[in-house]
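Okay, so here's the structure we're looking at.
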Amino acid sequence: MRNLIALIAGGVFGAGLYVSMMANPEKVLAFLDLAGAWDPSLLLVMGAGVIVAGIGFALSRRMDRAISGETFSTPMNTAIDRRLMAGAALFGIGWGMTGYCPGPGFAALVVNPTEAVGYLAAMLLGMVAFSWLPARRD
Amino acid sequence: MIDFDAFTPWLALVGGSLIGMAASLLWLGTGRIAGISGIAGAMIGKSGERQAWQALFLLGLVGGSLLAHLASGGLFEPRAGYSWWLLLPGAFLVGFGTRLGSGCTSGHGVCGIARLSLRGLTATVTFMVAAIITVFLVRHVF
């Protein structure tokens, strides 16, 4: 049940990334380039995404468990700390350098396999590098 | 200066709604957050973290993109000639940064804000500002 739902959700997500053109790095960069010819499309993408997802999250508050029977994996960490800020900043820099964030990196495999493979490989390398850091004592 | 020729409001709204629907489906259906950096990160994580549903989600993602590509006849051309000196180190930073910050545009941006998480909103504002500054430097300064 969980696996089937994940597969379908992934499919809808990927279709959304393509249709919204978040999978098109030039469109993303045109949105981030405030000083250039500004394309506000991504503002609507995020706006619609947040509102629709918001409905889903609100509905779940009336539920004990997810449809699969599992408990909700509610994120417990609410800290706004240096790790969060530093991580977000580094991610933002990388996003600005490439025009791809993780999801679009996968979605772009069907349009631009050369760039997507290079991007995903380097991204995974970055993730592995992070995992090599000694564990923090929080 | 708004580029009205490039602006695609209807595709943006439809695509964004699909993304939101997918996040809702994953949450209501399985109780999990549709944060791609976390889902992808689990693939290279310890064997305990790696589960079938994550691989299936990513598989579905590529499949959904492919279906949309075929059904639409191609909405955009692949980018050509982009500098690998930007693409590869930038991607490395995305991988490292999303692990450090525990999220990306889908995890913090869509799901975080949809859940009314201050942590998600803060992260989103931070990476948006960082990305905007970076693009300004790359395109207009260097």
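Numbers below:
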item	result
Answer residue from the range B:1-58, given it is more than 7 Å from chain A (Cβ to nearest Cβ) and part of a helix (DSSP H, G or I) and is farthest from the chain's Cα centre (by Cα) among those	B:W10
Any chance B:L100 is modelled with pLDDT of 95 or more, within 7 Å of chain A (Cβ to nearest Cβ) and surrounded by fewer than 19 Cβ atoms within 10 Å (Cβ to Cβ)	no
Output for the range A:23-40, where each listed residue is touching a Leu at 6+ places or on another chain (Cβ under 7 Å) and within 7 Å of chain B (Cβ to nearest Cβ)	A:A23
Residue identified as within 15 Å of the chain's Cα centre (by Cα), modelled with pLDDT of 95 or more and crowded, with 17+ Cβ neighbours inside 10 Å among B:V94, B:V135	B:V94
Members of the range B:89-142 found to be closer than 21 Å to A:L44 by Cα and outside any helix (DSSP H, G or I), listed by number	B:G103, B:C104, B:R115, B:L116, B:S117
So B:L67, is it at pLDDT 95 or above and surrounded by fewer than 18 Cβ atoms within 10 Å (Cβ to Cβ)	yes
Per-region count, the range A:90-129, residues surrounded by fewer than 18 Cβ atoms within 10 Å (Cβ to Cβ) and not small (G, A, S)	5
Counted residues, the range B:4-44 - those being surrounded by fewer than 20 Cβ atoms within 10 Å (Cβ to Cβ) and out of contact with any helix residue (DSSP H, G or I) (no Cβ under 7 Å at 6 or more places or on another chain)	3
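The values are calculated or read from the model by the stated rules, or taken from the named source; none is laboratory data. All values derive from a computational prediction rather than experimental measurement. All Cβ positions, glycine included, derive from the backbone under ideal geometry; neighbour counts span all protein chains shown.
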